[in-house]
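Working notes, structure below.
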Amino acid sequence: MSNQWPLWEIFIRSKQGLDHKHAGSLHAADAEMAIENARDVYTRRMEGVSIWVVESKHIHASNPDEAASFYDPANDKVYRHPTFYDLPDELKHM
Amino acid sequence: MSVQDLEKIFQDKIDADIRIEPKDWMPDAYRKTLVRQMSQHAHSEIVGMLPEANWITRAPTLRRKATLIAKVQDEAGHGLYLYSATETLGTGRDELLEQLHTGKAKYSSIFNYPTLTWADMGAIGWLVDGAAIMNQVPLCRASYGPYARAMVRICKEESFHQRQGFEILLTLSRGSEAQRRMCQDAINRWWWPSVMMFGPNDDASPNSAQSMQWKIKRFSNDELRQKFVDVSAEQVKILGMTLPDPDLVWNEDKQHYDFGAIDWDEFWNVIKGNGPCNKERLEARVKAHEDGAWVREAAMAYAEKVSRNSVKKEIA
Amino acid sequence: MSESTFLFQYVLHLADDVLILGHRNSEWTGHGPILEQDIAISNIALDLIGQARNFYQYAAQLSNEEGISATEDSLAYLRDGWDFRNCLLAEQTNGDWAKTILRQFFFSAHQVDLYAWLAKGNDTTLAAIGAKAYKEAIYHLRWSSEWVIRLGDGTEESHARMVRALDELWKFTGELHTPVPYELWATGAGIGPDLSLLRLKWEERIKNIFDEAGLTYPSTQWMQTGGKEGRHTEQLGYVLAEMQFLQRAYPGCEW
């Protein structure tokens, strides 16, 4: 039997108020151990205040081959951005 | 899409400095080169722990002991970041370790040299880590995303290593006669192996051109080596020591140091396994892995037991 | 013995325990069962050596106040075995991962209550060191407890190895809670805890984890002691020979 521990993806919140950000991955036998390993591996220099771990096999990713159909259609929808709207300078607080 | 089209898109991305990410299409040779280079680098980090870990239990002060542990621990971390990055290319750590343990994969030859005195902790930090940093900084811009990100993290941590190494040597250089002797002796032994760390001369480095085109590599071996010699030749003056190279001399025209011929025979012999410590280093890694097998198995067995029980509970 | 001597010895005892244990743990660095755990045990070693430095610095200060010059390093590197006051448990060899884990678990289960007590004790320096060390000990206890459970309840082999480790180490655990004169003095002065009370908490912690791990709490009563008064097992000599080598071979140098 292969005794390789499963791979986990590690997300770290570097300080209160920020999102958790992907830091890397590591091997651990269970979630508890993954959190502790993440603490020792990825926060040795006070890089974090909160840790999420997700077993890598549970991550589903979009397919880069479909990037064109996925992301390009957003290109021509500038009306989603506030600068699209032409308003007089006198208008404040908007 | 044809392979030619895919290859064109791929190279265009690289030329435009757009990073390649794990699920992107990439040529097999690119993937292979990366796996080889990254795992070799990871292996170097963990084999590199051994010559220094040697001295943890003999470190001469509590402060030195703590910083040395922290440094060797960082190297474990760096190995881990690199193994993780390599795993994104589809090769598991188990397989990579297997390649190391069977001698199929290489690691940096420098770690096949022995650490004989405390001054070696200083010389490794200053010269070996110094050479490594020079190699590694450009890799922070490597074309493969996970590799580049791992290198950014590593380089950030690595700078303390070189500083603590130099500090060790500086203290010795200002110490007793015996300490100064220790210091010079360590520099003498580590200098040439460090110069060799940049690899064969450019005209003898067959894979370099392709790696440069793929932006896995950004400077040639000889360029980096020259930079290392230039920097070290100045730094050694602060120690009041000398580098063991009678041909080392400033060249006003080139604005670089000239230096003596490298003993490539020794280089290739150490790579082939004839270095002073090749056998011990590999044996130590294999032993740690084999002695740890029952531990890894037990943790896995326990995790499976717990998850089975929690499923049972849910059903009940 | 004078008060200052008692205090000095008590602080040295606290320092020696964590230096020797940290030194032992650091022997794993580079040789751990998996990279992630190599990093974990090295972290614990670093915490312990950090604690040792704090205690030694305080001991050196006490010594200097008495007119006897000392530094954290002279105390760690220039005393011989009979002056070391660590518990015998700390100096025992690493053995396999099971033995190292169990040794750490026994210690951490003691240290959490010891440090919690120091943190509210009468000596302000020890209280400050204790408060910081307490947080570290809590984590070490959590980490080692989980490993005791995993190994005790993992595979047949890991269980057997834990049983063997228990057999090797149990006789050294009694000393943790058997007070020597400087500890009795510390208790009386409100500086250190009453070890008989700590013993009850310790036993409960061990029993709870052993229950989960499927390990039997030993009934053996006979315990080895002496470390806290400088009578050690053979192991300490080897630790000191290695640790103190440079300071002894090149006396009076800066490093």
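Every number in this text was worked out from the coordinates using simple rules, so none of it is lab data. Here the structure is a predicted model, which is why all the values come from computation and not from measurement. Here the Cβ is made from the backbone with ideal geometry for all residues, glycine too, and neighbour counts use every protein chain on show.
Things to note:
- Axial C-alpha extent at least 15 Å, average Kyte-Doolittle at least -1.0 - helices from chain B (DSSP): B:3-15, B:28-53, B:62-87, B:145-173, B:177-196, B:221-239, B:293-315
- About the Cα centre, charge dipole magnitude for the protein assembly as shown (Lys/Arg +1, Asp/Glu -1 at Cβ), debye: 640 debye
- Sites A:ILE59 and C:GLU204 - FRET efficiency at Förster radius 45 Å, r taken between beta-carbons, to 0.05: 0.60
- Where a label projected 7 Å from the Cα of C:ALA249 along Cα→Cβ would reach, residues of region C:80-98 with amide N under 12 Å: none
- When the Cα positions of C:TRP222, C:ALA241, C:TRP202 are compared along the charge dipole of region C:188-255, C:TRP222 comes out farthest toward the positive end, with charges on each C-beta of Lys, Arg, Asp and Glu.
- Phi-based couplings in Hz for region C:41-47 (Karplus 6.51, -1.76, 1.60; Gly and Pro marked x): 5, 5, 4, 5, 4, 5, 4
- Cβ-derived FRET efficiency at R0 56 Å, C:ILE138 paired with B:ASP253, nearest 0.05: 0.30
- For B:HIS256, residues with placed amide H under 5 Å, excluding near neighbours: B:ASN251
- Convex hull of Cα atoms in region B:131-227, direction-averaged projection (nm²): 6.9 nm²
- Rounded to two decimals, the Cα radius of gyration of region A:10-94 over 2.2 N^0.38 Å is 1.71.
- 3J(HN,Hα) along region C:233-241: 7, 4, 4, 4, x, 5, 4, 5, 4 Hz, from the Karplus curve 6.51 cos²θ - 1.76 cosθ + 1.60 with θ = phi - 60°, whole Hz, x for Gly and Pro.
- Along principal axes, Cα extents of the protein assembly as shown, largest first, whole Å: 84, 77, 67
- The trypsin sites (Lys or Arg not before Pro) of region B:217-309 that DSSP puts in a loop, and whose beta carbon has at most 15 other beta carbons within 10 Å, are B:LYS254.
- Farthest toward positive dipole pole in chain B [+1 Lys/Arg, -1 Asp/Glu at C-beta], among B:ALA209, B:VAL306, B:ALA29: B:VAL306
- For chain C, modelled as a GNM whose springs connect Cα atoms under 10 angstrom apart, the maximal fluctuation among C:SER196, C:SER144, C:SER42 occurs at C:SER196.
- For the protein assembly as shown, the 222 nm mean residue ellipticity estimated from helices alone, with every DSSP H stretch of n ≥ 4 adding -39500 (n - 2.57) and the total spread over all residues, rounds to -19500 deg cm²/dmol.
- Counting neighbouring Cβ atoms within 10 Å and putting the fewest first, the residues B:VAL295, B:VAL137, A:VAL53 line up as B:VAL137, A:VAL53, B:VAL295.
- Note on B:LYS287 and B:ASP265: the model spin-label points, each 7 Å out from Cα along the C-beta direction, lie 3.3 nm apart.
- Gap separating the Cα centres of region B:1-60 and region C:138-179, nearest whole Å: 41 Å
- Ranking of B:ARG31, A:ARG45 by count of other Cβ atoms within 10 Å, fewest first: A:ARG45, B:ARG31
- Residues whose amide H falls under 5 Å from that of B:LYS217, counting only those 5 or more places apart or on a different chain, are B:MET212, with hydrogens built in the peptide plane.
- Rounded to 10°, Cα long-axis angle of helix C:156-169 versus longest principal axis of chain C: 30 degrees
- Exposure proxy for C:TYR77, C:TYR217, B:TYR144: other Cβ atoms within 10 Å of each Cβ, ordered fewest to most, give C:TYR217, C:TYR77, B:TYR144.
- Debye, to nearest 20: dipole size of chain C, +1 on Lys, Arg Cβ, -1 on Asp, Glu Cβ: 280 debye
- The H on the amide N of A:SER50, modeled in the peptide plane, is under 5 Å from the matching H of A:ARG13, each at least 5 residues off or on a different chain.
- Helix A:31-42 vs. chain A, principal-axis angle (Cα, 0 to 90°, nearest 10): 70 degrees
- Distance from region C:185-252 to region C:1-63 (C-alpha centre basis), Å: 12 Å
- Where labels lie 7 Å past Cα in the beta-carbon direction, separation of C:GLU65 and B:ASP203 in nm: 7.3 nm
- Gyration tensor verdict on region B:71-125 (Cα atoms; rounded if a/c is under 1.5, prolate if a/b is larger than b/c, oblate otherwise): oblate
- Calculated FRET efficiency for the pair B:GLU167/A:SER14, C-beta based, R₀ 30 Å, to 0.05: 0.55
- Radius of gyration (Cα atoms) of chain B, expressed as a multiple of 2.2 N^0.38 Å: 1.11.
- The label point for A:ASP72 and the one for C:ASN122, both projected 7 Å from the Cα toward the Cβ, are 8.1 nm apart.
- When only alpha carbons are used to place a centre, region C:93-109 and region A:1-68 end up 28 Å from one another.
- Checking the cross-link pairs B:LYS156/B:LYS254; A:LYS77/B:LYS13; B:LYS217/B:LYS254 against a 27 Å limit on the alpha carbon distance flags B:LYS156/B:LYS254 as lying beyond it.
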